[in-house]
Structures are given as structure tokens and as C-alpha cells.
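Asker: I have a structure I would like to understand better, so I am pasting it below and will then ask my questions one at a time.
Every number here is computed from the coordinates shown, using simple stated rules; none is lab data. All values reported here derive from a predicted model rather than from experimental measurement. Note that we place each Cβ from the backbone using ideal geometry, even for glycine, and neighbour counts take in every protein chain shown.
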Amino acid sequence: MMALPEIKSVADLKGKTVGVTRFGSSTDFALRYLMQKHGFNADKDVTILQLGGMPELAAALSKRLIVAAPLSAPTHIRARAAGAQPLLDMAKAGVYFPHTAVITRRAYLKTNRETALNFFRGYSEGLQRFVQDKTAAKKIIQKYTRDTAEDIIEATYQYAVDYVVRPPYPNRDGIVETLKLSQNPEAKKADPDHFIDASVVKTLDDQGFFRQIGMQK
């Protein structure tokens, strides 16, 4: 959570304008969770602007259109260069959220299990190569982001190393938090385990696949 220098605490956000990428997104979740934990109501105590993307959030901070926004690497570096300061590191707050997830239908998994296994084999081998070969990984990041700034490339790489789950087991706590904050009344009664299937990853784990490629829990 990045904020303008005059914002020293979450309490300072009250009555101010803050930004998120999209309503219902991970940035929206982070903002609402933060406000809730500090006794505020995000719908009443702040004005939330939906700005579209991370670069737009950083730009809005630099133009002082908002006073704070949740940002992830590497965009937080752009915001810092514009004068914003970290207000809170959500990644260290013990909060889980499925920022990015692999999703499929149960019917597809039932009839195409070997395809799912192969997908996770390839994904995991690529992720392990990414972690072990930093030079190659940073070249790939530069190719697809089209960014040449070394601090941005480094931050993007480090973000993946620090936070991308290895082996890729789904996180139940993230589903629990999502259901808690959902505006759908049915979400409050939903079983988190209904949304998770760890059987494919567990099969590979039991076969020793992750150990074979050097990926440890």
C-alpha cells in the first residue's frame, strides 16, 4: 500500500480519495481488508476511484489525484519515484488472496487429467528454471515487459521468487478470505474446499516430480 508522504497511517486515509485497479480485484480486496482491520468502512470512510491498471494508479499518485493505492512490483517503484512511500506491506501482513490462479472445470479435469498433469509439469519446470537461472529470467522479463530499467526488471524477478508458490499447491486461506469479502450472499455459506482441487499437484508430489526438478516445499 503506497501513499503520499503526508499520509502517515491508515487513519489518515479517512475522508480521502484512494485508488484501485478494478472493483472486485486484488487491489480492491487489499484496500477493503486494510480499512476493515483498522475499524473503517471503505464504502463510507474513503472515496474509491476505479482507475484500470497499476500504471494508472502510479500516475494518479504522482498527480495527487489519489492519496494512496495498493501496488505490486514493479509498479511500486514508479510510485516511489513519484514521491509515494510504503504505508503497509500486505505481503507481510499474513493475508492470503488468490492474486493469480489456475482454474478449470471439474468435468474437464475428469476427462483430461493427463493434460492437467502435463500442464503442471511444464509450468513447474519453467518456474524452477526461472528461479535458478536469474540471467535468463531477467532477459525474458525484459522481452515481454519491453522495459529496460534495471530496477524494474530486478523488482519483477524478485517479486516472483518471493511470492509465486512452489510447488503450486492452491492456498485454502486465500479462498476463505475471498468468500468473506464477497458481496454475494451465497458466498458466506459456501464451503472453501468446494473451490479447490489439489489432487493434480499432489499426484506429481507423490511421484517425486518436484524433488526431481529441485523444487522443494
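Asker: Where in the chain are the helices, taken as whole DSSP H runs, whose Cα atoms extend 18 angstrom or more along the long axis and whose Kyte-Doolittle mean reaches at least -0.5?
Answerer: Once both thresholds are applied, what remains is 150-163.
Asker: Okay, moving on. Just subtract the alpha-carbon distance of Gln158 and Asp45 from 0.36 nm times their residue separation and send over the number in nm, one decimal. Could the numbers behind the result be given before it?
Answerer: Working: separation 113, 0.36 × 113 = 40.68 nm, distance 3.44 nm.
My answer for the length gained is 37.2 nm.
Asker: Between the alpha-carbon centers of region 8-34 and region 81-139, tell me the distance in whole angstrom.
Answerer: Each part reduced to its Cα centre gives a spacing of 24 Å.
Asker: May I have the convex hull volume per residue, in Å³, for the Cα set of region 106-212?
Answerer: Expressed per residue, the convex hull around the Cα atoms of region 106-212 is 152 Å³.
Asker: May I ask you to derive the relative contact order of region 2-92, considering only C-alpha pairs under 8 Å and at least 6 residues apart, and to give it as an integer percent? If you can, show how the numbers build up before the last one.
Answerer: Details: 146 pairs, mean separation 39.2, N = 91.
Relative contact order comes out at 43 percent.
Asker: So which of Lys44/Lys138; Lys14/Lys63; Lys143/Lys180; Lys63/Lys143; Lys63/Lys189; Lys16/Lys189 end up more than 31 Å apart by C-alpha?
Answerer: In this structure, Lys44/Lys138; Lys143/Lys180; Lys63/Lys189; Lys16/Lys189 exceed 31 Å between Cα atoms.
Asker: If each residue of separation counts as 0.36 nm, what is the full-extension length gain between Lys37 and Ile103 once their alpha-carbon separation is subtracted?
Answerer: 20.8 nm
Asker: Translational D (Stokes-Einstein, µm²/s) of region 2-92 at 10 °C and 1.306 mPa s when Rh comes from the Kirkwood sum over C-alpha pairs?
Answerer: 126
Asker: Quick check on the chain: helices-only [θ] at 222 nm, where DSSP H runs of length 4 and up contribute -39,500 (n - 2.57) each and the sum goes over total residues. Nearest 500, please.
Answerer: Numbers: 11 runs with 106 residues, N = 217.
Calculated at 222 nm, the ellipticity per residue is -14000 deg cm²/dmol.
Asker: Right, something else. Would you be so kind as to identify which of Leu65, Ala149, Gln50 lies farthest towards the positive end of the dipole of the chain, taking Lys and Arg as +1 and Asp and Glu as -1 on Cβ and the Cα centre as origin?
Answerer: Farthest towards the positive end: Gln50.
Asker: Leu87's amide H: which non-local residues (gap 5+, or another chain) put their own amide H closer than 5 Å, with H modeled 1.01 Å from N in plane and none for Pro or chain starts?
Answerer: Placed amide hydrogens put Met2, Ala3 under 5 Å from Leu87.
Asker: Find how much the distance from Val131 to Lys63 grows on full extension, using 0.36 nm per residue of separation minus their present alpha carbon separation; answer in nm with one decimal.
Answerer: Gain in length upon complete extension: 20.9 nm.
Asker: If you take the square roots of the eigenvalues of the alpha-carbon gyration tensor of region 137-186 and sort them as a ≥ b ≥ c, do you get rounded (a/c under 1.5), prolate (a/b over b/c) or oblate? Can you show the working numbers first?
Answerer: Details: a/c = 3.75, a/b = 2.35, b/c = 1.59.
It is prolate, given that a/c is not under 1.5 and a/b is the larger ratio.
Asker: So for the pair Tyr123, Gln207, with labels modelled 7 Å out along Cα→Cβ, what separation do we get in nm?
Answerer: The two pseudo-label positions are separated by 1.5 nm.
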